[in-house]
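Working notes, beginning with the structure itself.
The values are calculated or read from the model by the stated rules, or taken from the named source; none is laboratory data. What you are looking at is a predicted structure, and each value in this text was computed from that prediction instead of being measured. In this analysis, Cβ positions are derived from the backbone assuming ideal geometry, glycine residues included, and neighbour counts consider all displayed protein chains.
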Amino acid sequence: MNRPLAPLTDEERAIYEWQIWVRDFGEEGQQRLKNASVMISRCGGLGGVVAYELAAAGVGKLVLAHGGCARPSDLNRQLLVTYESLGRPRIETMTRRLLDLNPRLEIVAVGENVNEDNAARLVEQADVVVDCAPMFEERLAMNRQAVLQRKPLVECAMFDLEATITTVQPGNTPCLACWCPSVPPTWKRQFPVFGAVSGTVGCLGAMEAIKLIAGFGQPLFNRMLRLDLRDMTTQTVSLVRNPNCAVCGSLPRA
Amino acid sequence: MQVTIQYSGQLKLAVGCASEQLELPEGATVDELVRALAQRHDNGARRFFVDEAGNTQPTLMLVVNNRQVPAGPRQTLADGDEVMLLQPISGG
């Protein structure tokens, strides 16, 4: 992200005025967002909120991957999906909703989920990757590519009223495969969750991406933040790299 | 010695409680703890703890006093340790 930064327009200065006031961010931080691209794997309950917050914050380009058509059970949490869009490709509605908020946004809309075949191409287009997918096959494919391409990866997850989030900086922190080397054999595709839980961790994921791009604050490197909204407790777990990790174990420190 | 175990995610539902305490011999390792829990919760939750060969599930994150630790025979526990078992969760 060391390329020359396109300047802000007067309209952008007006729109982002309140966040340009944020200490350590300022106009240069806003320029960095404008000139940055973020790839989001699935824009459902979790990734949809990440995308919406990043569109609101003025990130210049979003690469979105999400397959399938909107279903009634999406509506409790997938805030980019509308009632009127039921039965239609989700990615179409998501793109329209994001452009309603920010028409300056460049969107690469991919109507398929991440897999081993498309992960490299999707990650190539981004400065930062945010992983919000439900399937561990997708998450592990995304992680592999993020590590190979040395792109930071924000790992967001939820279950019931719990959420976890950590940020991978390949070579310097554990990657997803360090602590989840394969698909957990007990994992179930459908699970209990409220939209307010996915929204909470989605906002945290967006904030991690903003900090990574603008270069301020302390991202969740080597740490996993765990939230339990049932009793409103938080826990920070120190993570360690796995020297035998098949994905990043041989990667030297960056 | 006594350790406190905390559960999260699907594992919490599978074992039916958020936390419990366990008596272990002095010098017990995290692997021995996991095997003891697999035996205690043999009725339905065993696969969360160990694979078919009886080894600690590679996707089970072991956190001792807020620090992730690798599974293995060299990682010993101490009296009063708090051990959280984190089953990876995802998005959607």
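Rundown of residues vs (1) in contact with a Gly (Cβ under 9 Å, 6 or more places away or on another chain); (2) over 26 Å from A:Glu162 (Cα atoms), yes/no style:
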| position | (1), (2) |
| --- | --- |
| B:Lys12 | no, no |
| B:Glu20 | no, no |
| B:Leu24 | no, yes |
| B:Ala28 | no, yes |
| B:Arg35 | yes, no |
| B:Thr56 | yes, no |
| B:Pro73 | no, yes |
Among the residues of segment A:220-254, the number that are among the β-branched types (Val, Ile, Thr) and in a loop (DSSP other than H, G, I, E, B) is 2
Checklist (1) crowded, with 20+ Cβ neighbours inside 10 Å; (2) out of contact with any Leu (no Cβ under 6 Å at 6 or more places or on another chain) applied to B:Gln68, failing item: (2)
Does segment B:44-61 contain at least one residue that is closer than 21 Å to A:Thr236 by Cα, touching a Leu at 6+ places or on another chain (Cβ under 8 Å) and either assigned to a strand (DSSP E or B) or facing chain A (nearest Cβ under 7 Å) (or both)? yes
Of the numbered conditions (1) over 22 Å from A:Gly48 (Cβ atoms); (2) crowded, with 21+ Cβ neighbours inside 10 Å; (3) within 11 Å of another protein chain (Cβ to nearest Cβ), A:Cys175 satisfies every one except a single condition; which is it? (3)
Kindly indicate whether any position in segment B:28-38 is at pLDDT below 95, away from chain A (no Cβ under 14 Å) and part of a loop (DSSP other than H, G, I, E, B). no
Counting only residues that are assigned to a helix (DSSP H, G or I) and either among the hydroxyl-bearing types (Ser, Thr, Tyr) or over 21 Å from A:Ile165 (Cα atoms) (or both), how many does segment A:22-55 have? 10
Taking the condition surrounded by fewer than 24 Cβ atoms within 10 Å (Cβ to Cβ), within 11 Å of another protein chain (Cβ to nearest Cβ) and either touching a Leu at 6+ places or on another chain (Cβ under 6 Å) or without any contact (Cβ under 8 Å) to a residue 24 or more places away in the chain (or both), does A:Leu140 pass? no
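Can you work out which of the residues in segment A:120-137 that are out of contact with any Ser or Thr (no Cβ under 9 Å at 6 or more places or on another chain) and touching a residue at least 12 places away in the same chain (Cβ under 8 Å) is farthest from A:Ile210 (Cα to Cα)?
Filtering first and then ranking leaves A:Glu137.
Residue-by-condition table, conditions (1) in a helix (DSSP H, G or I); (2) at pLDDT 95 or above; (3) out of contact with any strand residue (DSSP E or B) (no Cβ under 7 Å at 6 or more places or on another chain); (4) at the interface with another protein chain (Cβ under 9 Å from one of its Cβ atoms):
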site: A:Pro185; (1), (2), (3), (4): no, no, yes, yes
site: A:Leu204; (1), (2), (3), (4): yes, yes, no, no
site: A:Ile213; (1), (2), (3), (4): yes, yes, no, no
site: A:Phe216; (1), (2), (3), (4): no, yes, yes, no
Selection from segment A:245-254 of residues that are closer than 15 Å to A:Arg144 by Cα and loosely packed, with under 12 Cβ neighbours inside 10 Å: A:Ser250
